[in-house]
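S.K.: Following this message is one structure expressed as structure tokens.
Read-outs throughout are calculated quantities, based only on the coordinates presented, and are distinct from any laboratory measurement. Note that the structure is predicted; figures quoted are calculated from it, not measured. With ideal geometry, Cβ positions are generated from the backbone for all residues, glycine too; neighbour counts draw on all protein chains shown.
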Number of protein chains: 2
Amino acid sequence: MVEIKYEIKESIGSISQSPKGWNKELNLISWNGKEPKFDLRDWAPEHEKMGKGLTLTLDEVKALRNLLNGLEL
Amino acid sequence: MVEIKYEIKESIGSISQSPKGWNKELNLISWNGKEPKFDLRDWAPEHEKMGKGLTLTLDEVKALRNLLNGLEL
């Protein structure tokens, strides 16, 4: 069995909440003791379970911010 | 076998490219003929294969933009 260790270094915020209380959160997470990465992912209310998500590098987050700021939302 | 139909309605942009030429792209995608959603996902160079990703609603994208604009990057 493979163990994944992670530590939420910084909770940046939630962008939505499901009816069951799961949050789609942007966090800074260290996976297996490595340098923290940005992480956009679904989490159960107390962080007791995680859902699918994406990790993003700093450069990707900057590029994403630029893309989003260029949209008319 | 389950067939997933999708159509890329709008290519918003790429936020990174892997050494193999895959792009992490933000697009507006209609899945199975439904209303298009924002979609952040890895794609092979000619969109011939897709990797893992997340779909995001308009509200989630707006919230994400607000979070990112509040960060010192």
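S.K.: Based on Cβ point charges of +1 for Lys and Arg and -1 for Asp and Glu, what charge dipole magnitude is obtained for the range B:6-69 about its Cα centre, in debye rounded to the nearest 20?
M.R.: Values: 10 positive and 10 negative charges, 36 e Å.
Dipole of the range B:6-69, to the nearest 20 debye: 180 debye.
S.K.: Over all distinct alpha-carbon pairs, what is the Kirkwood Rh of the range B:3-69 in angstrom? Before the final figure, lay out each step's value.
M.R.: Numbers: mean 1/r = 0.0802 Å⁻¹.
Its Kirkwood hydrodynamic radius stands at 12.5 Å.
S.K.: Return the whole-Å distance between the Cα centroid of the range B:2-39 and the Cα centroid of the range A:20-73.
M.R.: That distance is 18 Å.
S.K.: Okay, moving on. Can you give the FRET efficiency to the nearest 0.05 for B:Asn66 and B:Gln17, using r as the Cβ-Cβ distance and R₀ = 30 Å?
M.R.: Calculated value: 0.65.
S.K.: I'd like the mean, over residues of A:29-42, of how many other protein chain beta carbons sit within 10 Å of each residue's own Cβ.
M.R.: Average per residue, whole number: 1.
S.K.: Under 1.5 on a/c is rounded, so check that first for the protein assembly as shown, then, if it is not, pick prolate when a/b is larger than b/c and oblate when it is not; a ≥ b ≥ c are the square roots of the alpha carbon gyration tensor eigenvalues.
M.R.: rounded
S.K.: Hey, got a sec? Which trypsin sites (Lys or Arg not before Pro) in the range B:18-73 land in a DSSP loop and have at most 10 other Cβ atoms within 10 Å?
M.R.: Numbers: sites: B:Lys20, B:Lys24, B:Lys34, B:Lys37, B:Arg41, B:Lys49, B:Lys52, B:Lys62, B:Arg65; in loops: B:Lys20, B:Lys34, B:Lys49.
Hits after loop and neighbour filter: B:Lys20, B:Lys34, B:Lys49.
S.K.: Calculate how steeply helix B:58-69 sits against the longest principal axis of the alpha-carbon atoms of chain B, using the helix alpha-carbon long axis, and give the answer as 0 to 90 degrees to the nearest 10.
M.R.: Rounded to the nearest ten degrees, it is 40.
S.K.: Another question, if that's okay. Where in the range B:1-66 are there GluC sites (Glu not before Pro) that are in a DSSP coil and have at most 12 other Cβ atoms within 10 angstrom of their Cβ?
M.R.: Loop-located and lightly packed - B:Glu3, B:Glu46, B:Glu48.
S.K.: In nm to one decimal, list the spacings between the B:Met1 label point and its equivalents in the other copies, with label points set 7 Å along Cα to Cβ, shortest first.
M.R.: Taking the point 7 Å beyond Cα along Cα→Cβ, the inter-copy spacings are 3.6 nm.
S.K.: Now for a separate question. Sum -39500 (n - 2.57) across every DSSP H segment of at least 4 residues in chain B, then divide by the residue count to get the 222 nm mean residue ellipticity, nearest 500.
M.R.: The per-residue figure over chain B is -5000 deg cm²/dmol.
S.K.: Additional query: Of the listed pairs A:Lys9/B:Lys37; A:Lys9/A:Lys49; A:Lys9/B:Lys20; A:Lys49/B:Lys20; A:Lys37/B:Lys49; A:Lys37/B:Lys9, which have alpha-carbon separations greater than 21 Å here?
M.R.: Table pairs above 21 Å Cα-Cα are A:Lys9/B:Lys37; A:Lys9/B:Lys20; A:Lys49/B:Lys20; A:Lys37/B:Lys49; A:Lys37/B:Lys9.
S.K.: Follow-up. Once the piece of chain linking A:Glu3 and A:Leu73 is laid out straight, how much longer is it, given 0.36 nm per residue of separation minus the C-alpha distance between them?
M.R.: Additional length available on full extension: 21.2 nm.
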